[in-house]
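Accompanying notes for the structure given below.
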Amino acid sequence: MPGSIALSRRQLLARAGAGAAALLLEQRGIQGQTAPGRTVVFSHTTIVTVDGVRDDVALAVAGDRIAAIGPTDEILRTYPGAEIYDGRGKALFPGLINCHAHLAATLERGFNEDFGFPNSARLAIRPASLLQGEEGTLMVTIGALEAIRTGTTTIVENSGGISRSAAALARTGLRCVFAESIRDSENVAGPMSPDGLARSAAPTFSRKLRDEGMQRINDLFTTWHGAKQGRISVFPAAALAETSSPELLQQVRGFAEKHDLGYTIHLSQSRAEVDFMVRHHGVRPPAFLATHGFLGPRLFAAHCRYVDDGDIALLGKSGTIVSHQAAMAANRGVIPPIAKLRAAGCPIANGTDNNTNDLFEVMRVALLTERISRDDPFPGVRPQPEDMLEDATLGGARAVRQTKLVGSLEVGKKADLLVVDTQRAHLVPAGRIVSAWIHNGQPSDIESVIVDGEFVMRNRKIVTMDEAGIVAEADKVGRRIWKQVQGAGAIAVPGRPLKR
Ligand SMILES: [Zn+2]
C-alpha cells in the first residue's frame with residue numbers, strides 16, 4: 001500500500017489491536033488468526049470454501065492473511081477498526097492459479113491459435129525478433145493485466161530469460177513462479193514439427209548450453225526466490241523432451257530437490273514429438289523421462305495430449321501432476337485424456353499457454369471438453385464445475401507447492417481472492433453460484449482481485465499498473481510489428497482466400 005504517516009499509524013494501531021482481536025474471536029469460538037497490517041472485512045457476503053458455499057457471512061483479511069470467516073456482526077465486533085467492503089450481492093472465490101503461461105506470446109495473438117502445432121503460419125519474419133528494448137517486457141505486462149482481470153492470482157511464467165521481465169512482473173502484484181526454461185540440444189531448438197521429424201538426425205547435446213542454462217536458473221533463483229515477502233518463487237524447467245539430454249533432466253530435478261521446489265516440462269504435445277522420441281531414443285516421451293528419473297510428484301508436466309495407456313500408467317504411478325491447458329488444447333484440435341490421467345493418479349492443474357492468459361475461460365473449456373471426451377453411458381454429469389474450480393485453485397497450489405498458503409479460502413491462508421459481482425443478468429437467479437459462474441459467468445463479473453492481502457484490482461480498476469497507458473503502448477508496438485511482418489510476405493490463413 002502507498003506509504004504515508006497516516007497509514008503507518010493505522011497499521012500500527014491494527015497491529016496493536018491484533019492480539020485483543022484474536023482473544024475475542026477465541027472467546028466466541030470463531031476460528032481466528034491475526035497478522036500485522038490493516039484489516040478489511042468483506043461483510044454480508046457469499047464465500048466459496050472447500051466445504052461448500054456459505055451465504056451471508058463475513059471474511060476478514062488482516063495483513064496478508066485470511067484472519068476470520070464467520071457471522072458478519074461477530075466479525076465486525078472483533079475488528080472494530082476494519083475497513084468494510086460491502087459484500088452484499090457479491091461472492092468471494094479463491095484466486096485462480098495459472099500453471100503454464102508464456103506471457104510474452106501476447107504479441108502473436110491472431111497468428112498462432114489457428115495454425116496448428118507447432119505453428120505452421122510460416123511468417124516471413126518472426127514477430128518477437130522485431131521487439132526493441134523494453135517492448136518484450138511490455139508484452140509480458142499486458143499479459144499480466146489480462147491475467148488479473150480474468151481472476152488469476154498466481155501465475156507460472158514458463159520461458160527462457162525471465163530475468164529481463166522479472167522486476168516488472170513482480171510489480172504487477174501477482175504471485176509469481178518464474179519457471180526458467182532451458183535446453184541443451186544443439187540440433188533441435190523447439191517443438192518438433194512433421195517436417196522437422198522427416199529431416200531429423202539423432203539429437204546431439206552441448207554441455208556448454210546446459211551449463212549456461214543451469215547458471216541462468218541459479219542466478220534467477222538467487223536474485224528472486226522468496227522476494228516480495230515470498231510472493232515470488234523460482235522453479236527450474238526443462239523446455240521439452242525433444243531438447244533435453246538425460247544429464248539436463250537430472251540436473252533440473254536435482255536443483256528442485258536441493259531447494260525443495262517444483263519443476264516442469266512440456267510433454268507429449270504432438271505426434272511428431274512422440275515419433276521423434278521413439279525414433280531417436282527408442283521410447284515414448286514419458287518413458288524417456290521415467291528412465292532418467294524425471295517423473296514424480298514435484299513435476300508438473302504441461303499438456304500430455306498424446307499419451308497412450310502405458311504413458312498414463314507411468315505418469316499416474318509416479319504421481320506426476322498434469323498441467324492441462326484446455327483452451328489451447330481445444331484450439332489445437334485435441335484434448336488430453338484427463339479422465340484417464342485422473343483415474344491413474346495424476347493430480348490435475350490448469351494453465352493457459354500462449355496468447356491468452358484467461359484461466360477463467362480455461363475452466364469452462366476444461367469442463368466441456370472433459371465431459372465430451374469421457375463418453376459416459378449417461379453423459380453430462382461428470383466432471384462438475386466444483387471439480388474444475390478445484391483443479392484451477394487447489395490443483396494449481398499443489399503444482400506450485402503452496403497448498404498450505406493458497407488455493408482455498410481458509411483461515412490462516414494467504415488472502416488471494418476474487419470478489420465476483422453476482423448481480424448480473426446471467427448470474428441471477430443462481431441456485432449454485434459455482435455452477436452458475438463457471439457455466440454462465442464472464443471475467444468482467446470480477447470486480448476486485450486481492451493477492452497477498454493487497455488489492456491489485458479494486459472496483460474494476462487495476463491499482464498496480466497504469467492500464468490505459470500500457471494498453472495504448474502495446475497497441476502501438478503491435479501495429480508496428482504486424483505491419484512489418486505482413487509487409488514482408490502475405491500470410492496464408494488455412495482455408496481462407498489469400499489477401500495481401
Ligand atoms: Zn507452453
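The values are calculated or read from the model by the stated rules, or taken from the named source; none is laboratory data. Worth saying up front: this structure is predicted, and the values here are computed from it rather than measured. For neighbour counting, all protein chains shown are included, and Cβ atoms are generated from backbone atoms with ideal geometry for every residue, glycine included. Ligands, DNA and RNA are excluded from the accessible area calculation, which covers all protein heavy atoms including side chains. Shrake-Rupley method; radii C 1.70, N 1.55, O 1.52, S 1.80 Å.
Entry remark, the stretch 209-223: residues being among the β-branched types (Val, Ile, Thr) and open to solvent by less than 80 Å² (accessible area, probe 1.4 Å) number 1 in total.
Cβ-Cβ contacts under 7 Å between residues 6 or more apart (or on different chains), taken from a first residue in the stretch 256-276 that is within 15 Å of residue 308 (Cα to Cα) and aliphatic (A, V, I, L, M) to a second residue that is part of a strand (DSSP E or B) and within 12 Å of the ligand (Cβ to nearest atom), are listed as 267/301; 267/302; 267/303. In the stretch 428-463, which residues are in contact with a strand residue (DSSP E or B) (Cβ under 7 Å, 6 or more places away or on another chain) and among the charged types (D, E, K, R)? Of everything in the stretch 428-463, those that are in contact with a strand residue (DSSP E or B) (Cβ under 7 Å, 6 or more places away or on another chain) and among the charged types (D, E, K, R) turn out to be 445, 447, 452, 458, 460.
Note down all Cβ pairs under 7 Å where the first residue falls in the stretch 159-186 and is closer than 17 Å to residue 351 by Cα, the second is aromatic (Phe, Trp, Tyr) and open to solvent by 10 Å² or more (accessible area, probe 1.4 Å), and they're at least six residues apart or on different chains. Matching pairs, first to second residue: 178/224. Which condition breaks for residue 466 when tested against (1) surrounded by fewer than 21 Cβ atoms within 10 Å (Cβ to Cβ); (2) in contact with a strand residue (DSSP E or B) (Cβ under 9 Å, 6 or more places away or on another chain)? Of everything listed in (1) surrounded by fewer than 21 Cβ atoms within 10 Å (Cβ to Cβ); (2) in contact with a strand residue (DSSP E or B) (Cβ under 9 Å, 6 or more places away or on another chain), residue 466 misses just condition (2).
Just one of the listed residues (181, 200, 206) is hydroxyl-bearing (Ser, Thr, Tyr), open to solvent by 10 Å² or more (accessible area, probe 1.4 Å) and within 16 Å of the ligand (Cβ to nearest atom), and it is 181. Restricting attention to the stretch 401-437, the residues being open to solvent by 10 Å² or more (accessible area, probe 1.4 Å), in a loop (DSSP other than H, G, I, E, B) and among the aliphatic types (A, V, I, L, M) number 5. For the stretch 222-231, the count of residues that are under 25 Å from residue 285 (Cα atoms) and modelled with pLDDT of 95 or more is zero. The condition of being touching a Gly at 6+ places or on another chain (Cβ under 9 Å) and free of Cβ contacts under 8 Å to residues at least 60 places away in the same chain holds for only one of 414, 404, that being 404.
Taking the stretch 78-107 as the range and being within 16 Å of the ligand (Cβ to nearest atom) and not aliphatic (A, V, I, L, M) as the test, the residues that pass are 98, 99, 100, 102, 106. Taken over the stretch 171-189, the residue count meeting the criterion of being over 19 Å from the mean Cα position of the chain (by Cα) and either assigned to a helix (DSSP H, G or I) or modelled with pLDDT of 95 or more (or both) is 7.
Looking only at the stretch 257-301, count every residue that is open to solvent by less than 20 Å² (accessible area, probe 1.4 Å), in a helix (DSSP H, G or I) and away from the ligand (no atom under 16 Å from the Cβ) and tell me the total. Total meeting the criteria: 6. Is the stretch 108-115 home to any residue that is open to solvent by less than 30 Å² (accessible area, probe 1.4 Å), within 15 Å of the ligand (Cβ to nearest atom) and farther than 21 Å from residue 400 by Cα? Yes, the stretch 108-115 contains at least one residue that is open to solvent by less than 30 Å² (accessible area, probe 1.4 Å), within 15 Å of the ligand (Cβ to nearest atom) and farther than 21 Å from residue 400 by Cα. Does residue 87 fit the bill of being in contact (Cβ under 8 Å) with a residue 24 or more places away in the chain and buried (at least 18 other Cβ atoms within 10 Å of the Cβ)? Yes: the conditions hold for residue 87. For the stretch 302-314, the candidate set comprises residues that are buried (at least 17 other Cβ atoms within 10 Å of the Cβ) and either under 21 Å from residue 250 (Cβ atoms) or among the hydrophobic types (A, V, I, L, M, F, W, C) (or both); within that set, the residue that is nearest to the ligand (Cβ to nearest atom) is 302.
Of all residue pairs spaced 6 or more apart or on separate chains, those with beta-carbon atoms under 9 Å, a first member in the stretch 307-328 that is under 17 Å from residue 264 (Cα atoms) and a second member that is more than 16 Å from the ligand (Cβ to nearest atom) and assigned to a strand (DSSP E or B) are 321/348; 322/348; 323/348; 324/348.
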